[in-house]
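See structure below.
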């Protein structure tokens, strides 16, 4: 029984799918499947019931899952403790970030952190909020940056900063003739939003609902850059994070603040409540606080 076999096994148990597990483990599916078969052969019991659309844990699989989680957690803790014996901070730290933050903050975060901690390997994962929460709870991530407060008994959090959501319009849009654009002005507009599952789309919808209307949605996308391209093409308007504002602004796009109560989002840092941080993870957490100006 080898450590990588246990990691592959837990990935299949988590996703219920050999292909998705292989993607998460960054390994070819045939290789992952072969290692699972070797593990089953060594244990003398099937670990999964292989259905047409899903792999389901057998009784033996359920027993192994609990042990495997403990084994990998203890092995990771041992690696960290040994690595921390040296005075210099080194090792690996994992950071999850939602896609509407990652392209705009990660380059600056990585550049500054790696410059001050050259012996630390910073591993970054871009995922939507539910998957980041799941990865935190399963000890796959040290920290995660999101934009909704999900504090609980299992997940701790604190706010890094807040940012405004800007109205983005195509050049020549009639609303640009107004000196002040209010929420009421947006009620007749067609909106382009993030796909369901992305918190930014939910935040834009909530802001409109608080203004007393449900926006007419013409398009959805999984990328902020694509949304801006669709706005540029004249297919609608949208609300995007201030950090995603293009500088210099293209001729075909215009950004405006909404008058009155402005739409904002909170950028928050999350970690598992009972996770024992390595020195590298502690250093990253402290760096993120400084980066945010806290």
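No value in this document is a laboratory result; all are computed from the given coordinates. These figures come from a predicted structure and were not determined experimentally. Methodologically, a virtual Cβ is constructed for each residue, glycine included, from the backbone with ideal geometry; neighbour enumeration extends over all protein chains shown.
Miscellaneous remarks
- Using the average count of surrounding beta-carbon atoms within 10 Å as a protection proxy, the listed peptides 110-116, 12-18 rank, highest first, as 12-18, 110-116.
- Distance between the range 156-228 and the range 97-153 - C-alpha centres, whole angstrom: 24 Å
- Relative exposure of 249, 25, judged by other C-beta atoms within 10 Å (fewest first): 249, 25
- All Cα-Cα distances of the range 1-154, cut into 10 Å bins from zero to the largest, leave 10, 32, 34, 20, 5, 0 percent in each bin in turn.
- C-alpha long axis of helix 199-210 to longest principal axis of the chain, angle in °: 40 degrees
- According to the Cα-based calculation, Rg over Rh for the range 161-264 is 0.91, with Rh computed by the Kirkwood formula.
- Nearest 10 degrees, 0 to 90: helix 102-116 Cα axis against the chain principal axis: 60 degrees
- Computed over the alpha-carbon pairs of the range 3-83, the distance histogram in 5 Å steps reads 3, 16, 25, 26, 17, 8, 4, 1, 0 percent, short to long.
- Helical contribution to [θ] at 222 nm, DSSP H n ≥ 4, -39,500 (n - 2.57), averaged over the chain, rounded to 500: -13000 deg cm²/dmol
- Listing 279, 265, 52, 245 from fewest to most neighbouring C-beta atoms within 10 Å gives 52, 245, 279, 265.
- Dividing the convex hull volume of the alpha carbon atoms of the chain by its residue count gives 167 Å³ per residue.
- Arranged from fewest to most other beta-carbon atoms within 10 Å of their beta carbon, 1, 243, 194, 157 become 1, 243, 157, 194.
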